[in-house]
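The values are calculated or read from the model by the stated rules, or taken from the named source; none is laboratory data. Only a predicted model underlies this, so the values are computations on that prediction, with no experimental measurement involved. Note that we place each Cβ from the backbone using ideal geometry, even for glycine, and neighbour counts take in every protein chain shown. Ligands, DNA and RNA are stripped out before the accessible areas are found, and what is left, the full protein with its side chains, is counted by its heavy atoms. Shrake-Rupley method; radii C 1.70, N 1.55, O 1.52, S 1.80 Å.
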Amino acid sequence: MTKKPASSVTAGAADGVAQAREERGMERGTERAERLRRARAAGLERAEWRGRLAEERVAARTVAVVNVLHGEGAGPAEVAAVLVEYGERPPVRLTDADVAALRVAAGEVRDVLAAPDAGAAVARLNALLARCAGPLRLTSHGGGSPWHPHIDSGDEAPWDEWFRATSALALLSVVRERQGPPGAVCAARGCARVLIPYGAGPPRRFCSRRCATRERVAAHRARAAGNPSPSA
């Protein structure tokens, strides 16, 4: 049997050690990458939930639900789509009875949003809180979200109870922060949609750019005809 030179054996052993070290390094790198990926995913999820639960986001959801339920057109699919758009995790399953009860609740919340001044809004909001507010509690919905406050009766409360309670808390925060009415009715003629009038600039008067543009065009035409627009 021919013996390999000692130098060849040593070189082979060194190559094996180097390969093993490289493999261990790759494994550690993979583990670090996976830990980093998980940490980033957890951070993004926390940020997403903070966005979902932010008071401004809940107030915007309140307005969107009130508007979609104003009138008799929206059914379970349309209302569920709005709830998912504003942060409820799909699938959101609503029945016709759920929507009917939500429509009643939305009407009560709309009365707060449509109040003509802060005093009237606060009186209506206080009355709504007296009807819907249970003990203040914290919930994470079984670990599915960060801890956040609720004033409904429980995590399995009916949709209408949940909507009254979460909307009341959100509008309370708007009044506290802005010291004014939490909502307004769109100033465009023929539009009954409500809105949160506050933002980075001056108070908003219209629910959408479409309504604002339509009113500007109408005002321009009225001025050209010598009839000032009442909403201009």
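Describe numerically, in nm with one decimal, the distance between label points set 7 Å from Cα along Cα→Cβ at S140 and at V92.
Each label point is offset 7 Å from its Cα along the Cβ direction, giving 2.4 nm.
What is the gain in length, in nm to one decimal, between R205 and R176 on full extension, counting 0.36 nm per residue of separation less the C-alpha to C-alpha distance? Don't jump to the answer; show the numbers that get you there.
Values: separation 29, 0.36 × 29 = 10.44 nm, distance 2.05 nm.
Residue separation times 0.36 nm, minus the Cα-Cα distance, leaves 8.4 nm.
Quick check: the distance between the Cα centres of the stretch 83-135 and the stretch 167-196, to the nearest angstrom?
12
For the stretch 91-199, with every protein chain kept in place, what is the accessible area per residue (1.4 Å probe, Å²)?
Working: 5270 Å² over 109 residues.
For the stretch 91-199, the per-residue accessible area is 48 Å².
Classify the stretch 64-145: rounded, prolate or oblate, from the alpha-carbon gyration tensor (a ≥ b ≥ c, eigenvalue square roots; a/c under 1.5 rounded; otherwise prolate if a/b is larger than b/c)?
In terms of gyration-tensor shape, oblate.
Over the stretch 83-149, what is the relative contact order in whole percent, taking alpha-carbon pairs under 8 Å and six or more residues apart?
15
Suppose each label sits 7 Å from its Cα in the direction of the beta carbon; what would the T213-E72 distance come out to in nanometres?
Output for this residue pair reads 3.3 nm.
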